[in-house]
Every structure is written in structure tokens, then in C-alpha cells.
1. For region B:215-241, what are the residues that are loosely packed, with under 12 Cβ neighbours inside 10 Å and not basic (Lys, Arg)?
2. Filter region B:30-46 down to residues that are within 7 Å of chain A (Cβ to nearest Cβ) and among the hydrophobic types (A, V, I, L, M, F, W, C), then give me how many there are.
3. Can you list the helices (runs of 4 or more DSSP H) lying wholly within region B:169-285 that have 1 or more residues being of a type outside the set (D, E, K, R), on the phi < 0 side of the Ramachandran plot and away from every other protein chain (no Cβ under 14 Å)?
4. Collect the residues in region A:237-246 that are outside any strand (DSSP E or B) and more than 14 Å from chain B (Cβ to nearest Cβ), keeping them in residue-number order.
5. Applying the selection to region A:454-508, what residues are under 23 Å from residue A:251 (Cβ atoms) and among the hydroxyl-bearing types (Ser, Thr, Tyr)?
6. Among the residues of region B:47-63, write down those that are away from chain A (no Cβ under 11 Å) and part of a helix (DSSP H, G or I).
7. So residue A:191 fits all but one of (1) closer than 24 Å to residue A:34 by Cβ; (2) in contact with a Pro (Cβ under 9 Å, 6 or more places away or on another chain); (3) within 14 Å of chain B (Cβ to nearest Cβ); (4) touching a residue at least 24 places away in the same chain (Cβ under 8 Å); what number is the exception?
8. Mind telling me which of the residues A:64, A:119, A:96 ends up being out of contact with any helix residue (DSSP H, G or I) (no Cβ under 6 Å at 6 or more places or on another chain), surrounded by fewer than 23 Cβ atoms within 10 Å (Cβ to Cβ) and closer than 23 Å to residue A:212 by Cβ?
Amino acid sequence: MQLNRRNLLKIATMSGAALALGGRFAQAQGAQTLRIGLSTYPPHLRPWVNIGYSGYLVGSLLNRTLISYDEQGQLTSDLAESWQNETPETWRFTLREAHFHDGSPVTAQDVEWTFEQIRADGSGAYMYDAFRPITGFEVVDERNFRLTTDAPLATLPALMTFPFLSILKAGSTDSEEHGIGAGPYRIAYAEKGVSIELEPNEHYYKPELPTLAGIVITPYVDESARVAALSAGDVDLIDYVPWSSMASIESDPALALHKVDAGAFMYLSFNGTGAFADPRLRQAVAFGLRRNEFVESIFFGFGAEMTGLPRPAGSPFRHDDQAGFWNYDPERAKALLKDAGYEDGLTVSLLATSQYSMHRDTAVLVQAQLAEIGITVNLTMPDWATRVNLGNQGAGDFAVQGIGLDNLDPDAVTTLVDPSLSPVFTRSRGFEAEGLSDLLAQGRAEMDEAKRVEIYRQVDQTVLDTTTFCGLCYRATGFATRAGVEDLAMLPDQLSPYSPVLFDRLKLA
Amino acid sequence: MGWFVRRVIQSLFMLWVVVSLVFLSIHFVPGDPAELLLSQDGGAPDPLMVEMLREQLGLNRPLVEQYAHNVAGIMRGDLGTSMVDGSSVSAEVMRRLPRTLELIAAAGILSLLIGIPAGVLSALRPRGRFSRGAALAAGTAQSVPVFVLGTLLVILFAQVLGWLPAGGFTPFSRDPGKHLQLLILPAATIAIGLSAIVFRITRASMLDVLPLDFIRTARAKGVPARRVVIRHALRNALMPVITVFALQLGGLLAGTVLVETVFNWPGLSGMLVAGVNARDYPVVTGVLVVVSAFYIGLNLLVDIIYGITDPRVRK
């Protein structure tokens with residue numbers, strides 16, 4: 001064909017039509033395929049390693065844990081049909097009749113192999129530390145096994161719900177990086193940084209599930225791009241909804257916001273090598289902050305004040321007097337400063353990061369509010385990588401933190417509130433809270449729930465009195481979807497992002 | 001011949017300097033890849049686990065040893081493996097480089113198609129309405145940051161009109177139509193600013209050429225006006241346009257990060273930013289070495305062409 005003006009015009013017209021039709025065809029083909037706009041492409045899909053929430057979400061579609069949470073936030077069977085505490089140190093698990101993606105049955109030998117991989121030195125597994133109390137694994141038969149712990153461990157069932165504790169087919173990681181799981185979907189196509197396409201697993205153990213013909217996951221790292229993709233109809237569901245967009249999504253009839261206000265949270269940790277060795281100064285900080293301003297100005301009103309420890313509403317471990325302990329009380333804060341010998345003011349350094357706006361803005365607001373009670377705060381806000389490094393080295397008098405708990409056992413806060421644990425950037429360090437470690441150990445060993453409630457009441461009071469942890473506010477956590485997405489199961493508090501039931505019954509209208 | 005060999009050796013020396021500077025700077029920036037790998041979404045690994053991972057990744061080896069290993073690998077054409085996912089950096093660079101080059105090429109062509117005709121028309125009637133309007137538009141296009149422009153285009157074409165997807169990437173081999181659809185907005189975002197530059201340079205260059213004697217002669221000989229403008233004036237005015245255009249395109253190779261972010265285009269810039277954030281040393285070094293080699297190679301090529309066409313350069 002000769003390239004003249006007329007032919008060029010023809011080509012341009014045909015190309016335009018192809019582009020337009022291409023879009024329509026794509027829409028038609030994707031009628032029952034869920035398109036997810038994910039905040040990050042998982043760094044990799046190697047199992048058991050903490051690869052962040054986005055990696056967990058993908059993993060929860062591919063794999064299953066032994067136990068998980070149901071929509072009411074109660075422990076429920078997953079691959080383990082039942083479990084019982086035979087002796088204080090022994091737990092017996094019975095597996096249900098479930099199959100991996102390749103059709104082979106899930107057996108006790110597969111669980112044993114999975115546990116061995118996690119416990120291996122250098123595994124880098126998220127559960128490596130948590131598995132230390134487990135001293136024995138006994139295969140009883142194909143579907144039964146027994147776990148032995150070095151001491152009574154009431155938290156063991158909750159441990160089995162942890163993200164990244166996927167049960168995989170024995171030896172399957174030799175042939176495929178992500179192994180062979182027993183979740184509702186398997187990978188049909190994946191291109192790093194571009195997309196992951198999932199197809200249904202016909203061997204999934206739940207009857208009539210999964211309901212979707214497939215799932216296409218596309219990373220949208222920029223939050224504005226993620227929201228734009230949802231608004232434009234490029235995707236059906238997005239995670240990590242920016243708080244600045246929540247109001248507009250709520251008011252848009254074509255979209256829906258699925259959130260819990262008491263999701264992940266912001267808090268302060270203290271470094272006891274400086275002025276904050278004195279608990280009165282830590283308390284002064286806790287009483288000198290107006291937490292409603294954090295919710296309103298940083299999270300656009302989508303969140304809740306955190307005036308105590310992160311205990312879910314309705315939990316027997318939550319007590320009203322403790323939940324509202326850190327009310328704004330500037331006079332008390334000033335009195336505490338005076339008692340500690342800082343009547344004329346105190347100067348401290350706060351470590352945060354400028355890379356994430358919620359950390360940066362929290363630090364700026366802490367600085368402004370503490371100035372009102374006579375504490376001068378100098379900010380150190382490098383990028384995230386430097387901030388983690390400085391935090392691990394013990395830089396800063398106190399630090400801004402943000403996290404979501406991945407299980408509802410009262411012991412889940414231990415890694416945040418006990419400064420006697422190994423010094424890492426997410427918790428306070430350099431001082432002791434007398435009796436706290438012993439109480440936490442008692443709580444883990446106690447099987448009787450009523451006694452546990454009393455023990456954790458004492459734990460919480462110790463933390464509040466010694467202020468080893470200073471809660472600031474919860475930030476709303478959730479998803480935004482097109483209006484046609486139905487039956488997205490939001491779980492209480494911060495569990496939703498970490499529950500494999502999240503997408504189980506989800507369907508597209 | 002000696003001059004050519006010297007230039008090649010100089011280029012290799014420059015590449016070695018770049019590799020060394022990149023290696024040293026990324027290693028001296030605070031931040032530990034092992035800590036970051038195990039600290040996703042607020043995870044707080046035990047220091048013992050971090051130490052085990054550092055050992056696995058070879059981060060405990062002396063810096064000199066790591067440097068020698070790095071340089072030896074690059075000399076073999078092996079850019080190493082990512083510390084985050086263990087994948088080959090060379091393979092990932094080769095997967096992403098064509099995407100960025102495609103984006104730059106599409107933007108470049110679009111900017112030439114807009115900038116050159118507009119510049120020529122504007123130069124023919126420098127005080128006309130079109131010229132004044134085009135100058136205003138060019139000024140605006142150059143002053144609006146690309147991420148603002150990109151966002152505006154997304155709002156207009158994806159969210160309001162619904163003509164194009166808001167962003168993303170589909171390989172051409174999987175769906176050519178979708179691939180081209182997804183290319184339009186990011187390419188247009190880069191092209192708008194770039195076409196303003198092309199417009200200004202074309203206009204200025206044409207204004208320099210149009211009053212020259214040979215143009216007047218051509219007109220006096222009765223050559224048609226369109227032929228005078230295109231064959232005689234524009235041809236002579238294009239040299240500075242090409243020079244500036246090439247420099248701009250070169251700068252885009254690692255400079256499309258904002259556009260890649262706004263439109264979710266998985267190119268080389270995004271890989272570099274992710275590598276820096278994760279302190280993934282092999283990825284950062286690999287991307288920068290490839291980009292530098294690209295520049296140095298282009299410069300070497302230009303120098304060699306100058307040397308061939310103008311022997312005085314070789315003295």
C-alpha cells in the first residue's frame with residue numbers, strides 16, 4: 001500500500017475504531033472478572049516472608065492457613081477442621097478434607113514440611129520468632145497432627161491465623177517460587193510490576209466457591225492514580241483508599257466505601273536513653289495531645305481517637321476506664337513536667353519520616369501541640385529507609401509509628417508495648433516497665449479466659465501508668481469499590497486486610 | 001586511528017567512574033536492605049533475623065570485596081540480582097527499557113508533529129493572532145508541572161469523558177489495542193511540554209533563516225511559497241531543533257518518573273525509584289549504569305561522527 005494522505009487517513013480512522021472497540025471488548029470479557037487496583041505490586045511471592053499487606057492480599061487468594069477469622073472476628077476453622085488443647089503443652093489439630101491447586105490432598109505431612117521451612121535458620125519467615133515456643137511436631141496420621149510447646153501457650157490458635165503462615169504442598173517451592181497452595185485461586189499469568197491474573201481453583205474446599213471467573217490485579221502505586229482508575233471504571237476495587245478521597249467516594253453513587261474506623265493506628269514510642277527514661281515525661285506527652293485533631297486534620301475525619309490500648313469494641317479485654325485513660329489534660333501534663341523538674345520547658349527530638357504524609361503530618365501536629373505545654377520538639381524526618389535504620393539504632397527521644405494488628409488476641413500488643421524485648425524501631429526501648437514482661441508471660445500461659453481478662457487488665461494498666469506506648473488515633477482502613485461489587489465481607493477492627501474470607505463470597509452485579 | 005581508540009578508552013573510563021560513584025553513594029546513604037525487607041508494613045523483625053539475612057545477601061562482606069564483585073559482574077554484562085526478589089537485574093532492565101523508550105519515542109513524535117508546524121506557521125506571521133496564541137499556549141504548557149498536567153488529562157479523558165483508561169500497562173503482544181490506548185495519555189503528557197520547546201526553537205530558528213539571501217533568491221526565482229518554506233527555510237532551520245530535541249529526549253530516559261507514577265507505566269524510572277526506596281543496591285547500580293552507558297555511548301557516537309566528517313576535530 002502506498003503511503004499517501006488518503007491511505008494515512010484510512011489507517012488513522014481504522015486505528016481509532018480499533019482502539020475504541022478494544023476498550024468495549026475488554027469490558028465485555030471482564031464481566032465476571034474482578035479487577036483489583038492494588039497499592040503495591042508484591043515485592044515477590046516467596047511464601048512465609050512478610051512482604052507487606054499487598055503481598056498478603058495476593059497470598060490470601062492463593063493459599064490458606066490452618067485457622068482464620070470469620071466475619072464476626074471469631075476464630076474459625078480453615079484448613080484445620082478442629083483443634084483442641086489436650087494437655088497444657090499439647091495441641092491436637094485435625095485437618096479437613098481439602099486439596100491443593102494440583103488436586104493432591106492437604107495432609108499432616110504438608111503441614112509438618114511447612115513448619116520446618118519456617119523454622120529453618122535464615123528462612124526470613126515472618127513467624128520465625130513466634131514459632132520458637134513450638135518444640136515438637138508429631139504426625140498422628142494423614143489428617144491429624146500434634147504440636148508441643150515449651151510451656152502452656154494460650155495464643156497458639158491465634159498464631160495459626162497469622163498472615164504469611166500459608167500451608168503449602170510439601171516440596172512445592174522447589175519447582176515454583178510461590179509453591180502450591182490450597183486457596184480459592186491460582187496464578188494464571190504474572191508479569192512483575194504489571195499485573196497478576198488469577199483463575200479459580202476447582203479443588204477449593206468450600207462448596208460453590210469461588211464465585212468469580214477470575215481476578216486481575218494491577219498495581220497503582222500512586223494513590224491518586226488508584227482512585228482515578230476506580231472512578232474511570234478501569235478497576236472494580238482498590239485498597240489503601242486515601243483518606244482525602246473517602247468523602248468523595250462515599251458521596252458518589254457509582255462507588256462504595258467499605259471501611260472500619262478503628263483500623264490500623266498511629267502511636268508514639270519512647271527512647272529511655274534520654275529524658276523519656278522518666279515515666280512522668282512520657283505521661284506528660286500522652287496527656288498533652290488533642291487526639292481529635294489528628295483524626296480531623298490528618299485523616300479527614302475518617303478514624304477515631306485512641307485514648308488507650310488497641311482493644312476492639314465488644315472484646316472482654318476492653319475496659320471503658322482504660323480505653324479513655326489518655327484524655328486531653330494539659331494541666332496534668334504541665335504538673336507532670338513540673339514534678340519531673342522541667343517546669344521551664346523540655347527539648348526533645350522526634351523521629352518520623354517525610355516519605356509518608358500520615359507520618360509527617362502526625363509529627364508536625366505532635367510538635368505543635370506539645371509546644372503548648374512547654375515541650376519543644378525538634379523533628380528528624382528522613383526517607384523511610386533511613387528512618388527505619390535510625391530507629392533501629394536508637395536515634396530520637398521518641399518516634400512516630402503506624403501499624404495494624406493482624407490478630408485479635410490480647411497478646412498481639414506485646415511487641416508494641418514491652419520495652420524489654422529486643423530493640424527494634426517499632427517499640428519503646430531503653431527502659432523497663434516493672435512487672436510488665438511477667439504479666440504478659442502469664443497472659444500467654446493462661447488457658448482460662450476469665451483469668452486472662454484479669455491478667456490483661458493489669459497489663460493494660462501497667463502500660464498506661466508507665467506509658468511504654470502512647471496511642472494517638474485509629475485511621476479508617478478499608479476498600480473502595482464500584483457500586484456493582486457485592487458481599488465484600490468487612491471484618492471488625494483491623495482484621496479485614498488480614499482475613500482470607502474477605503473475597504470469599506464477593507460477586508459482581 | 002589513535003584518536004578513536006583514545007575516545008573509546010575515555011568513554012570506558014567515564015563509565016567506570018560512574019559505576020564507582022553510584023556504588024559508593026548508594027552504600028553510604030543510610031538504610032539497610034535487610035532491615036527494610038523484613039520490616040514491610042510495620043513488621044519488626046528480631047535483630048538476629050536481620051543479621052541472618054544480611055549474611056545471605058552478602059552485605060556483611062567488606063565493601064571493597066562487594067565493589068570488586070560488582071565491577072567484575074558489570075564487565076561480564078551481569079548486573080547482579082535484586083536483593084528484594086532475587087530476580088536478574090539485567091533481565092528486568094531489558095524488560096522495562098523498551099517501555100520507557102516507547103513512551104519517549106511516542107512523546108517525541110507527537111511533540112514534533114505539533115511543535116514544528118506550529119513553529120513554522122508562527123514564524124511566517126510573527127505578529128499574527130496564531131503566533132501570539134501559540135506563544136501563550138507554549139508558555140502555559142511549559143510552566144505546568146507534568147504531574148499536574150497528567151492528572152488533569154486523567155480527569156478529563158478518563159473520568160469525565162471516559163474515552164481512555166486512567167492508566168496502566170498491557171503488553172503489546174497481549175492486546176495491541178489496549179496497549180496503544182494506555183500509551184496515549186502518558187505520551188501526550190510528556191509531548192505537551194516537549195512540543196512547546198520544539199515550537200519555540202523552530203520559531204526562533206525559522207525567524208533567523210527566513211530573512212537570509214538564499215530565501216529571497218528562491219522567492220525571486222518564482223519557487224512556490226510552500227516549497228520555499230519547507231524545502232529551503234525549514235530544512236536549514238532544523239539543525240538547532242534537532243540538537244535541542246535530542247538533548248531533551250536523552251534527559252527523559254531516567255526522567256519520566258512522575259509520568260510513570262501518575263499513569264502507572266512500569267518503566268525504567270519507576271524501577272529506579274523503587275530500588276532507591278528499598279535500598280536494593282544491584283537494582284540502583286544496574287539502572288544507572290545502563291542509563292549512563294546509553295548517554296556515554298551516544299556521546300561517543302556523535303564524537304566519532306564529528307571526527308569522520310570534520311578531520312580538524314581529531315587534531
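1. B:220, B:222, B:224, B:225, B:239
2. Qualifying residue count, region B:30-46: 3.
3. Counting at least 1 such residues, we get B:176-209, B:213-220, B:235-252.
4. A:241, A:243, A:246
5. Across region A:454-508, the qualifying residues are A:474, A:477, A:481, A:496.
6. Passing the criteria: only B:63.
7. With respect to (1) closer than 24 Å to residue A:34 by Cβ; (2) in contact with a Pro (Cβ under 9 Å, 6 or more places away or on another chain); (3) within 14 Å of chain B (Cβ to nearest Cβ); (4) touching a residue at least 24 places away in the same chain (Cβ under 8 Å), residue A:191 is out only on (4).
8. On inspection, the qualifying residue turns out to be A:96.
The values are calculated or read from the model by the stated rules, or taken from the named source; none is laboratory data. Just so we're clear, the structure is a prediction, and the values are computed from it rather than from any experiment. Cβ: placed from backbone, ideal geometry, glycine included. Neighbour counts: every protein chain shown.
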